[in-house]
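Here is the structure we will look at, set down as structure tokens.
Just so it is clear, none of the values below were taken in a lab; they were calculated from the coordinates. Every value quoted in this text rests on a predicted model; they were computed, and no experiment measured them. Cβ atoms come from the backbone with ideal geometry, glycine included; neighbour counts cover every protein chain shown.
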Amino acid sequence: MLVVAVVLRFSLQRMPSVQARTHQTVLTEPDNLTKSKPQFTPPFRTAGRHIVDADGRRFKLASINWYGASDIYYVPGGLDVRHRSEIAATIRRMGFNSVRFPYSDQMVLENLVIAPELISANLDLLNAYALNQNGRLDEKLKGPRALDVFRACVEAMTDAGIAVIPNDHITNAHWCDGKNLCDASWKNDHYGPICKVRQTTESWIENWKIIMRPHIDNPLVIGADLRNEPRGLWGTMTWNMWATAAEQASEALLKMQPNWLMFVEGVSSANDCSGARNRPVKLSIEDRVVYSSHVYQWSGWSTLVPYHSRPYPSFALDMERNWAFLRRGNIAPVWVGEFGSPHGGDDRDHHYWDNLMRHLKDTDADFGYWALNPRKPENYDNETYGLLADDWQTIIEDWRYQDLRRLMPPVDA
């Protein structure tokens, strides 16, 4: 009882009231949705510009990013507020059929014991471990550790019929380390001792094996998003460097499970997949490569005119150059794995958003919205791009969510 009291008090202190917020709807529990089988049959492969299931039907990724395991506490967001199975059910009710699920390499390497207050709505994860009189895990015991929690959340989502795509999001555990060269690539050993978490291509691949090994026999873990926003020092990250590393990691993972899809993001912070025009990613198993691009309102810096200031023809031309040519030419699927806008938003946010929604509709591209989370882990800062309120159940049903719903495939498709 002491443990329960401690963790409940911690959760209540962290969870502000959501009653005063506007444009929110608590999604009801449609029994036939969360208990029905998914509307697709794994395993998956690519067929031209589409991902298709085992029956040859298109499976359009309508994804949401659920982050936290990549951050400073190594724990997916919301586990101190709601049970992981409830979060998974909410994602499914929102209409998303898949989740991009980030982790950090530091999380894998350290795999720390997780404090009970960080998972206080998931105390069943503590059942196998002893607690001391202060309600804390005995540090001498093995677990529940970060990888245990990560795996449990993946299984909760796949149990709910959601496809999961783990994502190597960052090397150092943090919300964003965009200015840190040690996080600008899948490897940083060439920077010498300046990097807190040093990583080679080989150790990066080993971390991927650790992440994916528990899910070899889970058909709804459909593949691996190999690295978030590879960029390197400005002007030094070539597509060929990244494509070669992506092939090396993909081959190692496909030896474990040949059915997995390999998601390869563009360079220049995932903006640019244009290198695939002349140097595609080629694997020993065909029909496994999905390219991925990120599109935000501040993107488009290569021409010094961000997307929030582009007229639609200029915006669409950049999308064509960066990734849409792959779909138009029926070469490969493209997953716009990150994009988003803040709740409310100013004129620039809406201008960018309207252009992107128009283009996603015109190209019928797969997509992944950033993000589900209402809060960032460090300092409990507001995640202005989040689609859920602080109770991890109430949807912010504003213009963003309404537009996303229009992009989602029908449930019976």
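Loop only per DSSP, at most 14 neighbouring Cβ atoms within 10 Å: give me the chymotrypsin sites (Phe, Trp or Tyr not before Pro) in the range 220-285, ordered by residue number. Here the sparse-neighbourhood loop sites are Trp234.
The amide H of Asp272, built 1.01 Å from its N in the peptide plane, has Gly266, Val267 as neighbours under 5 Å, considering only residues 5 or more places off or on other chains. The charge dipole of the range 2-407, taken about its Cα centre with unit charges on the Cβ atoms of Lys, Arg (+1), Asp and Glu (-1) only, comes to about 600 debye. For the range 256-294 versus the range 359-376, the inter-centroid distance based on Cα atoms is 19 Å. For the range 161-263, the Kirkwood hydrodynamic radius from C-alpha pairs, put into Stokes-Einstein at 20 °C and a viscosity of 1.002 mPa s, yields a diffusion coefficient of 149 µm² per second. Close amide H pairs (under 5 Å, H built 1.01 Å from N) link Ser98 with Ala62, Ile64, Ala163, residues at least 5 positions away or on another chain. With kT/(6 pi eta Rh) evaluated at 25 °C and eta = 0.890 mPa s, and Rh the Kirkwood radius from Cα pairs, the range 2-407 diffuses with a coefficient of 114 µm²/s according to Stokes-Einstein. The lysine pair count for the range 2-407, using Cα distances under 18 Å and pairs eight or more places apart or on different chains, is 8. Separation of the range 315-329 from the range 84-103 is 29 Å, based on Cα centroids.
How large is log10 of I(q)/I(0) for the range 205-267 at q = 0.12, 0.14, 0.23 Å⁻¹ when the intensity is taken from the Debye formula with one equal scatterer per alpha-carbon? For the range 205-267 at q = 0.12, 0.14, 0.23 Å⁻¹, log10 I(q)/I(0) is -0.31, -0.42, -0.93.
Using the Karplus relation 6.51 cos²θ - 1.76 cosθ + 1.60 with θ = phi - 60°, the per-residue 3J(HN,Hα) values for the range 371-387 come to 8, 6, 5, x, 9, 8, x, 6, 6, 6, 5, 5, 8, 5, 8, x, 9 Hz, with x marking Gly and Pro.
For the range 112-119, 3J(HN,Hα) computed residue by residue from phi via the Karplus equation (6.51, -1.76, 1.60; θ = phi - 60°) reads 6, 5, 9, 5, x, 5, 7, 10 Hz, glycine and proline entered as x.
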